Amino acid sequence: MDAPIEKMHIHTTVSKKTQILLKKLAISYGSISNVIEEAVDLIIIRDHFLDDINKSDLDEYKLWHLMRTDFNMMAVGRTTFMSFIDKIPTEPQENNNCIELIEWFYNNKTISTLTLYEILIAIRSIWLAGNYFWKIQIKTQDKSEEILKYGKKFEIAFFHHFNQIKYGKYWSQYFKTVLEKSPINCVCEIQLRNEVFYINITQK
């Protein structure tokens with residue numbers, strides 16, 4: 001059981017405007033102290049005070065902020081992205097930074113030290129934070145749930161809002177390319193639908 005978090009009193013003053021905002025935010029966050037702690041968490045992410053931060057523990061908003069700054073990512077509109085993949089060559093699928101992102105997500109652990117399940121969890125967290133999908137489900141295909149972390153067979157489903165096969169075709173091939181290469185060494189089978197695609201993954 002985790003030890004209880006020690007609470008400390010702080011003595012300070014704020015502007016009247018800030019006090020009113022704190023009271024309004026406390027309705028959603030439960031208390032003014034919770035609002036302050038959440039604000040400090042956001043400042044830590046903004047200013048990159050990451051000594052005691054595990055990226056795998058962050059919510060999507062904080063994770064996206066770190067990816068945006070650490071990898072110089074840019075937001076691209078839906079129409080622009082769809083027109084982009086219409087003419088895209090296979091090079092971005094073959095040479096991409098997916099492995100680098102996964103290793104970054106786990107505070108620079110090498111990909112060869114991660115289980116297949118950990119790799120899929122990273123993909124889910126990173127691509128949800130990037131707003132490429134609205135839901136990603138991971139299901140084990142092994143007989144025992146007890147071996148989930150060390151499982152070798154999974155189905156992963158990617159749900160999106162693009163009612164076009166080409167969106168799923170692009171991303172399914174992207175992930176297939178990554179997962180089938182060394183050192184992950186999986187065999188992937190893809191099923192495409194208009195607003196979802198499935199990848200059945202078996203690690204050799």
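Nearest 500 deg cm²/dmol is fine: what mean residue ellipticity at 222 nm does the chain get from its DSSP H runs of n ≥ 4 alone, each adding -39,500 (n - 2.57), divided by its residue count? All intermediate terms of the calculation are to be shown ahead of the outcome.
On the way: 8 runs with 91 residues, N = 204.
About -13500 deg cm²/dmol.
Counting Lys +1, Arg +1, Asp -1, Glu -1, what net charge surrounds Gln164 among other residues with beta carbon under 12 Å of its beta carbon? Walk me through the intermediate numbers first.
Values: positive: Arg78, Lys166, Lys169, Arg193; negative: Asp86, Glu195.
Overall, the nearby charge balance is +2.
Ignoring everything but the protein chains, give the 1.4 Å probe accessible area of Asp47 in square angstrom, nearest 10.
Asp47 exposes around 60 Å² with every protein chain in place.
What lysines could a cross-link reach from Lys24, if we take a straight Cα to Cα line under 26 Å and drop same-chain neighbours fewer than 8 places away?
Output for Lys24: Lys7, Lys16, Lys62.
Can you tell me what percent of all Cα-Cα pairs in the chain are more than 22 Å apart? Walk me through the numbers on the way to the answer.
On the way: 12144 of 20706 pairs.
Across the chain, Cα pairs with separations above 22 Å total 59 percent.
Viscosity 0.890 mPa s, temperature 25 °C: give me the Stokes-Einstein translational D for segment 128-204 in µm²/s, with Rh taken as the Kirkwood radius over C-alpha pairs.
Details: Rh = 13.0 Å.
Roughly 189 µm²/s, to the nearest whole number.
Pairs on different chains or at least eight residues apart, Cα atoms closer than 19 Å: how many lysine pairs in segment 102-174 fit?
For segment 102-174, the number of qualifying lysine pairs is 8.
Calculate, for the chain, the solvent-accessible area per residue in square angstrom, rolling a 1.4 angstrom probe over the heavy atoms of the protein chains.
Working: 13400 Å² over 204 residues.
I get 66 Å² per residue for this part.
Mind listing P(r) for segment 44-136? All alpha-carbon pairs, 5 Å bins, whole percents.
Here the calculated profile for segment 44-136 is 2, 12, 21, 24, 21, 12, 6, 2, 0.
The values are calculated or read from the model by the stated rules, or taken from the named source; none is laboratory data. Keep in mind it's a predicted model, so treat the numbers as computed, not measured. Methodologically, a virtual Cβ is constructed for each residue, glycine included, from the backbone with ideal geometry; neighbour enumeration extends over all protein chains shown. Just the protein is used for accessible areas: all its heavy atoms, side chains included, with ligands, DNA and RNA removed. Shrake-Rupley method; radii C 1.70, N 1.55, O 1.52, S 1.80 Å.
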